[in-house]
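Single-structure report; data block below.
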Amino acid sequence: MKITYLGHACVVLQGSKCILIDPFIPDGEIRVTPDLVAVTHAHADHMGIAASYAVPIITNNEIAHYLRGKGCITEAMNIGGTIVVDGISFTMTQAIHSSWIEDEGIGMYGGSAAGFVIRMDGKTIYHVGDTGLFSDMRLIGELYHPDVALIPIGGRFTMGPREGMMAAEFIGAPIVIPIHYNTFDKIRQDVSEFARAINETTDMKTVILEPGMEYKIKI
Ligand code: NI
Ligand code: MN
């Protein structure tokens, strides 16, 4: 399986299927033809252009309801649940965050923000979503044994590097990829310090991906 970081929280998992998570990038176009799209929560920097895809969108009930109104195909689920779509397993995990569907005028409630544990081709990827630190990340690690954890470290709206390091410890995935930083001035971080702290004090490895870069997981 190949993981491509398109920037911010937008990640593509390419294996037997192509899965696009949180289809928003600040500049340019997302040039991917996904089989499935997953949306962690409704904020515009995650929902992005989800409504433009004609493939199943895996998301929470509230966002699914909204997207169905836009003509989308959806697979609604909620936190703690697991579904298999097109042979790919999605478990929705909790996130400590908010969620608001931005639409003309004011918008509407977007349900609970979430993360996803995705299993494809025998590999398990945990996209943490936007969240503060919570100690049940340890439980998620124990239950699902992720091979890779995608962890937000930008601060302000999510965990920063300090909390992100603890999150990496809790989850225990051998590969840690930081996301959701440096997209905007308000979430600027020195990712090298985060990487060095993890690489020097744990058995885990941090992989820093610039937008557009990919990481291949050996199967
Ligand atoms: Ni958010
Ligand atoms: Mn966000």
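The values are calculated or read from the model by the stated rules, or taken from the named source; none is laboratory data. The shown structure was predicted, so the numbers you read here are calculated from the model rather than taken from an experiment. For neighbour counting, all protein chains shown are included, and Cβ atoms are generated from backbone atoms with ideal geometry for every residue, glycine included. Ligands, DNA and RNA are stripped out before the accessible areas are found, and what is left, the full protein with its side chains, is counted by its heavy atoms. Shrake-Rupley method; radii C 1.70, N 1.55, O 1.52, S 1.80 Å.
Summary table below
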{"quantity": "Kirkwood Rh in Å, taken over the stretch 145-219 so that all alpha-carbon pairs contribute", "calculated": "12.4"}
{"quantity": "Accessible surface of the stretch 1-101, 1.4 Å probe, proportion on carbon and sulfur as whole %", "calculated": "50"}
{"quantity": "Cα-based radius of gyration of the stretch 4-55 once divided by 2.2 N^0.38 Å, which approximates compact folds", "calculated": "1.00"}
{"quantity": "Relative contact order (%) - criterion: Cα under 8 Å, at least six apart; region: the chain", "calculated": "17"}
{"quantity": "Most mobile listed residue (TYR53, TYR144, TYR109) in the chain, GNM with C-alpha springs under 10 Å", "calculated": "TYR109"}
{"quantity": "Degrees, to the nearest 10: 191-201 long Cα axis against longest axis of the chain", "calculated": "50"}
{"quantity": "Solvent-accessible surface ranking, highest first, for ASP203, ASP27, ASP136 at 1.4 angstrom", "calculated": "ASP203, ASP27, ASP136"}
{"quantity": "Rh by Kirkwood over Cα pairs, then Stokes-Einstein D for the chain at 1.002 mPa s and 20 °C, µm²/s", "calculated": "126"}
{"quantity": "Total lysine pairs under 25 Å (Cα atoms) in the chain, excluding pairs fewer than 8 apart on one chain", "calculated": "14"}
{"quantity": "Alpha-carbon Rg with Dmax, taken over the stretch 86-199, Å", "calculated": "14.7, 46"}
{"quantity": "Under 5 Å, built H, 5+ apart or other chain: amide partners of HIS8", "calculated": "HIS180, TYR181"}
{"quantity": "Computed helical MRE - 222 nm, the chain, DSSP H runs ≥ 4 contributing -39500 (n - 2.57), nearest 500", "calculated": "-5500 deg cm²/dmol"}
{"quantity": "Most positive-pole-ward Cα, GLY107, THR202, GLY164, against dipole of the stretch 64-219 from beta carbon charges", "calculated": "THR202"}
{"quantity": "DSSP bridge pairs, the chain: antiparallel proportion in percent, nearest 5", "calculated": "60"}
